[in-house]
Amino acid sequence: MDNKILVVDDEWNMRNLVKIYLSKEKFQIDEAKDGNEAIKMAKQTPYDLIVLDIMLPDIDGWEVCSTIRKIKQVPILMLTARNDVKDRVHGLNLGADDYLIKPFASEELVARVNALLRRQMINEESNDRLLHFENLLINGESREVQVFQTLIELTPKEFDILYLIAGQSRRVFTREILLDRVWSPSEFRDLRAIDTHVKNIREKLRKMGLSYNPIKTVWGVGYRFNTPEDQT
């Protein structure tokens, strides 16, 4: 494989361990020892994936994740020693794609990395449709969303959810279906994460001036796309 991965951790032992595990899979590995270095490297290099520790000496992994997400749509796998649902939901809210709890087995790390890379590749190859609604354009090929011809920044999962729901505008998607379609089997799954992502999508589109709510809540079931015609 020629995938290039950035490993961010202030502990040399952990960086080296992750590097050993992933190098065996023929990934190219770069290392960053703190958040500022990680952000600088992410801006300069087109990484295929970032493995990011939360506890860093300068700025924490959450801030690093949020900063990178504003400029890159690269998959981010966060490492944490805390198994707290609130922490994981917070990370997902900032744009993380998956979590891995320390200590972890090499097989699990490799499986999660491969799952994220595989899904990214599938998205890049299969998202070739252009969805156009009133003042809202969703480009599946470039994975870009425009409101009034202005690009907005969505995380990879936010884009996947919006693109999936908008592509089948009459279908109601349960939270379980969205988890199965957007999250890989090896990823941490929480139904509440769906609600968090949907809330973020709505808020970002609203802030850009979209006058209608594009995702309707079907109470007790899930979500469906809400076209402008549905709201008249």
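The values are calculated or read from the model by the stated rules, or taken from the named source; none is laboratory data. None of the values given here were measured: they were computed from a predicted structure. Please note: Cβ atoms are built from the backbone with ideal geometry, for glycine as well, and neighbour counts cover all protein chains shown. Each accessible area value is taken on the protein alone, full model and side chains, heavy atoms only, with ligands, DNA and RNA left out. Shrake-Rupley method; radii C 1.70, N 1.55, O 1.52, S 1.80 Å.
Using helices alone, what [θ] at 222 nm do you get for the chain, with -39,500 (n - 2.57) per DSSP H run of 4 or more residues, divided over all residues and rounded to the nearest 500? Could you put the intermediate results ahead of the total?
Working: 8 runs with 101 residues, N = 232.
Value at 222 nm, helices only, nearest 500: -13500 deg cm²/dmol.
Starting from the residue with the highest accessible area, list PHE159, PHE133 in decreasing order, probe 1.4 Å. Before the final figure, lay out each step's value.
Numbers: PHE159 5, PHE133 40 Å².
Most to least solvent-accessible, the answer reads PHE133, PHE159.
Can you give me the relative contact order of the chain as a percent, contacts being Cα pairs under 8 Å and 6 or more apart? If you can, show how the numbers build up before the last one.
Details: 369 pairs, mean separation 32.4, N = 232.
With pairs under 8 Å counted, the relative contact order is 14 percent.
Which value, in Å² and to the nearest 10, is the accessible area of LEU151 when all protein chains are kept and the probe is 1.4 Å?
LEU151 has an accessible surface of roughly 100 Å² with all protein chains in place.
Can you tell me how much longer the chain between LEU130 and ALA111 gets when fully stretched, taken as 0.36 nm per residue apart minus their C-alpha distance, in nm with one decimal? Working shown, then result.
On the way: separation 19, 0.36 × 19 = 6.84 nm, distance 3.17 nm.
Taking LEU130 through ALA111 to full extension adds about 3.7 nm, to one decimal.
Name the residue farthest towards the positive end of the dipole of the chain from the options TRP183, ASN36, PHE173, assuming +1 on Cβ of Lys and Arg, -1 on Cβ of Asp and Glu, about the Cα centre.
Selected residue: PHE173.
Just to verify a number: FRET efficiency for ARG82 and SER211, C-beta to C-beta distance, R0 = 35 Å, to 0.05?
Values: r = 41 Å, r/R0 = 1.16.
Calculated value: 0.30.
How many times 2.2 N^0.38 Å is the alpha carbon radius of gyration of segment 83-214?
1.09
Could you point to the label whose value was computed as Cα extents along the principal axes in Å for the structure here, given (1) 47, 34, 33; (2) 54, 33, 32; (3) 59, 35, 32?
The listed entry that was calculated here is (3).
Exceeding 24 Å between C-alpha atoms, which entries from my cross-link table qualify? They are LYS4/LYS33; LYS72/LYS204; LYS26/LYS157; LYS19/LYS72; LYS26/LYS70; LYS40/LYS86. Intermediate results must be reported in sequence, preceding the final value.
Working: LYS4/LYS33 17 Å; LYS72/LYS204 17 Å; LYS26/LYS157 27 Å; LYS19/LYS72 22 Å; LYS26/LYS70 29 Å; LYS40/LYS86 28 Å.
Those over the limit are LYS26/LYS157; LYS26/LYS70; LYS40/LYS86.
May I ask you to list, by number, the DSSP H helices of the chain whose Cα span along the axis is at least 24 Å and whose average Kyte-Doolittle hydropathy reaches -0.5 or more?
Numbers: long enough: 106-126 (30 Å, -0.47); 191-207 (25 Å, -1.00).
Qualifying helices: 106-126.
In percent, how large is the relative contact order of segment 145-232, given Cα pairs closer than 8 Å and 6 or more residues apart?
Values: 93 pairs, mean separation 32.8, N = 88.
Contact order relative to length: 37 percent.
Could you give the accessible area per residue of segment 155-194, probe 1.4 Å, as a whole number in Å²? Kindly include the intermediate steps, with their values, before the conclusion.
Details: 1550 Å² over 40 residues.
Dividing the accessible area of segment 155-194 by its residue count gives 39 Å².
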